[in-house]
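Taking it in order: structure first as structure tokens, then the write-up.
The values are calculated or read from the model by the stated rules, or taken from the named source; none is laboratory data. In this text the structure is predicted, and so the values were computed from the model without any measurement. Positions of Cβ are backbone-derived with ideal geometry, glycine not excepted, and every protein chain shown enters the neighbour counts. These accessible areas exclude ligands, DNA and RNA; they are computed on the full protein's heavy atoms, side chains included. Shrake-Rupley method; radii C 1.70, N 1.55, O 1.52, S 1.80 Å.
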Amino acid sequence: RLVNPDQEPETPRVITPFPAPKLMDLPMFQGEHKESLYWGTYRPHVYLGIRARTPRSLVAGLMWLGVKDGRYHLRHVCQDSDELSKYGWSRHNGHDFGHQLLVDQDLTLETSFLKSKGDGSGYGGDWAVRLDLQSEESRWTNDMQRTGYLFFYVADEDGNALSLGRDMFDIHEGSLLAIGSRADIGGWQLHLKGMESLEVHYSGFRTPHIHNLSDLVLENLAAQAAMFNRLQLSDTSVSSPNILVFQISARIPFKADIAFVSGTGVKTSRVEERLSSLTGTSLTSLLKEKQSEFDAKFENCFKMAAKLDSESVVVGKAAIGNMLGGIGYFYGQSKVSLPKNTKLKNHDNFLLYWPAELYTAVPSRPFFPRGFLWDEGFHQLLIWHWDVRICLDILGHWLDLMNTDGWIPREQILGAEALSKVPEEFVLQHPTNGNPPTLFLVLRELIYAIKKNKFTATESNEISSFLERALVRLEAWFQWFNTTQSGKERSSYFWHGRDTTTIRELNPKTLSSGLDDYPRASHPSEEERHLDLRCWMLLAVDSLHSIAELFESSSEHKKEYGSTATLLSDFKILNQLHFDFAYGAYLDFGNHTEKVRLSWKEIKVGNNYPARELVREVLEKPELRLVPHVGYVSLFPFMEKIIPPDSWILDKQLDLISNRSILWTDYGLRSLAKTSSLYMKHNTEHDPPYWRGPIWMNMNYRILAALYYYSQVNGPYRERAEVIYDKLRGNLIRNVVRNYHQTGFLWEQYDQKKGKGKGARLFTGWTALVLLIMGEVYGET
Ligand code: 6A9
């Protein structure tokens, strides 16, 4: 695709896959493992969506009509504007069971998902969905609220035609809604079982654009309403539809069981037996069983019943439930910005990454229903305790996204459904930008757990073969950072890619660090040293060293990693590069002045229309110095436990943490000290403070884990660390639990003044780490 008439077109390096065997080709991910994860609730962006882990799947999903202010609204894709007062998985085991509760005005909808591999099932087995719709009768004011309207659809992304079931025309005689056939699972059938009074209508469509399905349904309903003044689908279909939507209506309350059976069409397929076990009273008891299994496993993993009240336990279950229930499967190609000097024949300003699959947890179903690299490391800190194979499967998918330079795109926007949720300016991924290599956090814990014999022999072997194959990729990842993000001074690093030309930002952002607007040097330069990145590098190289140690073979590398780890954890060098003795705090270094502010300037628009804009004013020449912003970044050496337990600097760190005028609040630690000149400052007119004050759970978790560590090892500050640990833990739990019970959700961040949930709601990403805090589960201890 490059313009070069004399040569064969070459694939640019940036879109060339890393040349090594893929992790997902390991035997451990094939066979039974793969099949057992085939179907799942892998469409996190819709309220209930099912698909298989295959690029072009048969997908299923739910819509319903909500009533607000006397009008109907179609619910389908999770969005805040629907104003559901609650939704999310109260329980989900990541494999074959989940239960969700959704509250939409006076409607309460419960959705349960169950999967089973029955005698005669096709590949991946069968599944069932129970829908249970209720309402607070007292609030019914008119007739429209007495009937509930649910819509359940199946759509074949592969374009295979679906047929209407023979019972569609008299659903009380039988239960068959739809049939079809696919290469992966053979014949399949979709059935509906429920009360006599259910009324069923349908409509069939044909389109490859499944992400526009809400519009198709709305148009169909609107046309019927206009023509016949009735609220029902048209009961018609195009020929060879690849989408069938079924409307199920009845007087509230009602229940409906939907069963999907595969491998049909062969004599031995025992459809009747499988159907009856997946519906009615049999389904009820299967769901009950799965629920108690979940509860038992939950207690076994996180052991919190003895430690905390039942209100907290509910939140803990929702945390792991939503984390697992939010796992998605995506397929598509990232758009990558052009490296300098690349010219394309066409006029695109981007390159397409190779088509790739990604099985991953997501930070937030309504806002960010896709993969984010550094978020994922935190997600896995939780997930591996629940199911280490799910964890490895996710890690494997991410590591396979590495290009030949050792780079992994930060935000994964794969496929049309994912793309439809992202504003244009966020789509392109920049191959010059990194994102913290947090996957090492979980890898290091896994290695530790192997050494401590915490796994079964099989698990241990699988993790080892995973690590063995992952090693070259992890090395390349480390080298990518080590070469592209290194600083001028030996063993210093900085996040490259900060904007040096902007005149609008109070402090140019550092998106690649993950801490977005967390203040750094006022004037980005090559001279910079970023403390957080230096500590991430230590984490990476230290993990590499431990992995190399597991496998005798790579002894030469082992030495090198060992010495780099020693260098990066050297207390003296760390202090020389980053410690401010006057402040008693660790800081970034760079070209900096504190004397910057945003002020309004008159500008001319066109000829004579004056307008105002907010621009940055610099009132003093910046100079090379330590950058006096204390906050999360200052605590990275503490998080990495570099500080010796008997050092007075540890005492100083505890001062910063426990001081109310600096980082301490009753709800957790602030991201930026109250004393910082940029505390709670807007970055531009439209850019409110994000990492400049509010409380974030991922960093609080890491700080708490370090406090726990320092409260366990001997030293003069052991007891002090313990006291602070207990208080911080209590504050974090109390606040998240209170917010959850008040609002129905976990939040992206929490306000540092009142503790109120902020930003995206139903953000079960790293906020779910509160569960590890509840159970006091800190990996390497
Ligand atoms: C915006 C808007 C419908 C910002 O959790 C994901 C990331 C973190 O990795 C990062 O550390 N969040 C944190 O500072 C959210 C980023 C969202 C960017 C895309 C699209 C869509 O709104």
Item checked: Selection from region 498-547 of residues that are among the small types (Gly, Ala, Ser), touching a helix residue (DSSP H, G or I) at 6+ places or on another chain (Cβ under 7 Å) and under 24 Å from residue 696 (Cα atoms) -> 513, 514, 540
Next item on the list: Being open to solvent by less than 20 Å² (accessible area, probe 1.4 Å) and over 21 Å from the mean Cα position of the chain (by Cα) narrows it down to one of 58, 37, so name that one.
Entry: 58
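Which ranges mark the strands (runs of 3 or more DSSP E) fully within region 538-643 that have 1 or more residues being among the aromatic types (Phe, Trp, Tyr), open to solvent by less than 20 Å² (accessible area, probe 1.4 Å) and under 30 Å from residue 464 (Cβ atoms)? Steps first, answer last, please.
Working: elements: 588-592, 596-605, 609-618, 623-627.
Fully inside region 538-643 and qualifying: nothing.
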Note to self: Which residue is least open to solvent (accessible area, probe 1.4 Å), if the candidates are limited to region 647-693 and must be charged (D, E, K, R) and without any contact (Cβ under 8 Å) to a residue 60 or more places away in the chain?
What the structure shows: 674
Check: Looking at region 355-365, which of the residues that are part of a loop (DSSP other than H, G, I, E, B) and more than 8 Å from the ligand (Cβ to nearest atom) is farthest from residue 43 (Cα to Cα)?
Finding: 355
Notebook entry, point to check: Filter region 366-376 for residues that are in a helix (DSSP H, G or I) and surrounded by fewer than 24 Cβ atoms within 10 Å (Cβ to Cβ); which is nearest to the ligand (Cβ to nearest atom)?
Noted result: 374
Check: Quick one: is residue 382 modelled with pLDDT under 95, within 16 Å of the ligand (Cβ to nearest atom), touching a helix residue (DSSP H, G or I) at 6+ places or on another chain (Cβ under 9 Å) and not polar (S, T, N, Q)?
Finding: no
Next item on the list: Give region 250-276 a look and list any residue that's among the polar types (S, T, N, Q) and crowded, with 21+ Cβ neighbours inside 10 Å, or say none.
Entry: 262, 264, 269
Next item on the list: Could you give me the residue pairs with C-beta distances under 6 Å whose first residue belongs to region 281-307 and is touching a residue at least 60 places away in the same chain (Cβ under 8 Å), whose second residue is among the hydroxyl-bearing types (Ser, Thr, Tyr) and open to solvent by less than 60 Å² (accessible area, probe 1.4 Å) wherever it lies, and which are 6+ apart or on separate chains?
Entry: 287/112
Next item on the list: Return a yes/no flag: does region 323-332 have any residue that is free of Cβ contacts under 8 Å to residues at least 60 places away in the same chain, under 30 Å from residue 738 (Cα atoms) and within 21 Å of the chain's Cα centre (by Cα).
Entry: no
Notebook entry, point to check: So residue 184 clears everything in (1) part of a strand (DSSP E or B); (2) closer than 30 Å to residue 37 by Cα except one condition, right? Which one?
Noted result: (1)
Next item on the list: Six or more apart or on different chains, Cβ under 7 Å: which pairs go from a residue in region 750-761 that's in a loop (DSSP other than H, G, I, E, B) to one that's open to solvent by less than 50 Å² (accessible area, probe 1.4 Å) and among the hydroxyl-bearing types (Ser, Thr, Tyr)? Could you list them?
Entry: 752/665; 756/750
Check: Out of the residues in region 745-766 that are within 10 Å of the ligand (Cβ to nearest atom) and over 18 Å from residue 79 (Cβ atoms), which is surrounded by the fewest Cβ atoms within 10 Å (Cβ to Cβ)?
Finding: 749
Item checked: Subset of region 445-497 (residues that are closer than 18 Å to residue 780 by Cα and surrounded by 19 or more Cβ atoms within 10 Å (Cβ to Cβ)) -> 445, 446, 447, 449, 463, 467
Next item on the list: Those residues that are within 16 Å of residue 436 (Cα to Cα) and of a type outside the set (Asp, Glu), I need them from region 347-379; list them, please.
Entry: 363, 371, 372, 373, 374, 377, 378, 379
Item checked: Every residue from region 414-441 that is closer than 19 Å to residue 157 by Cα, in contact with a Phe, Trp or Tyr (Cβ under 7 Å, 6 or more places away or on another chain) and more than 12 Å from the ligand (Cβ to nearest atom) -> 414, 415
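Restricting to region 187-225, count the residues that are part of a loop (DSSP other than H, G, I, E, B) and either open to solvent by less than 40 Å² (accessible area, probe 1.4 Å) or aromatic (Phe, Trp, Tyr) (or both).
Residues in region 187-225 being part of a loop (DSSP other than H, G, I, E, B) and either open to solvent by less than 40 Å² (accessible area, probe 1.4 Å) or aromatic (Phe, Trp, Tyr) (or both): 2 in total.
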Note to self: Against the condition within 16 Å of the ligand (Cβ to nearest atom), out of contact with any helix residue (DSSP H, G or I) (no Cβ under 8 Å at 6 or more places or on another chain) and closer than 30 Å to residue 576 by Cβ, how does residue 490 come out, does it pass?
What the structure shows: no
Next item on the list: Would you check if residue 228 is open to solvent by less than 10 Å² (accessible area, probe 1.4 Å) and of a type outside the set (A, V, I, L, M)?
Entry: no
Next item on the list: Pick out the one residue from 707, 678 that is within 23 Å of residue 597 (Cβ to Cβ), under 30 Å from the mean Cα position of the chain (by Cα), at pLDDT 95 or above and hydrophobic (A, V, I, L, M, F, W, C).
Entry: 678
Next item on the list: Using the structure shown, decide if residue 513 is modelled with pLDDT of 95 or more, within 16 Å of the ligand (Cβ to nearest atom) and within 23 Å of residue 445 (Cβ to Cβ).
Entry: yes
Notebook entry, point to check: Within the bounds of region 387-410, is there any residue that is under 19 Å from residue 331 (Cα atoms), open to solvent by 10 Å² or more (accessible area, probe 1.4 Å) and within 16 Å of the ligand (Cβ to nearest atom)?
Noted result: yes
Next item on the list: Would you check if residue 83 is over 25 Å from residue 252 (Cβ atoms) and open to solvent by 40 Å² or more (accessible area, probe 1.4 Å)?
Entry: no
Item checked: Search result, residues across region 504-532 that are in contact with a Pro (Cβ under 8 Å, 6 or more places away or on another chain) and touching a residue at least 24 places away in the same chain (Cβ under 8 Å) -> 507, 513, 514, 517, 520, 521, 522, 523, 524, 531, 532
Notebook entry, point to check: Of the residues 504, 498, 473, which is within 16 Å of the ligand (Cβ to nearest atom) and either over 25 Å from residue 705 (Cα atoms) or modelled with pLDDT under 95 (or both)?
Noted result: 498
Next item on the list: Read through the list (1) within 16 Å of the ligand (Cβ to nearest atom); (2) under 12 Å from residue 94 (Cβ atoms), then give the number of the only condition that residue 294 fails.
Entry: (1)
Notebook entry, point to check: Within the group 780, 776, 719, which residue is without any contact (Cβ under 8 Å) to a residue 12 or more places away in the chain and surrounded by fewer than 23 Cβ atoms within 10 Å (Cβ to Cβ)?
Noted result: 719
Check: Can you tell me which of 70, 98 is at pLDDT 95 or above and either among the small types (Gly, Ala, Ser) or open to solvent by 30 Å² or more (accessible area, probe 1.4 Å) (or both)?
Finding: 98
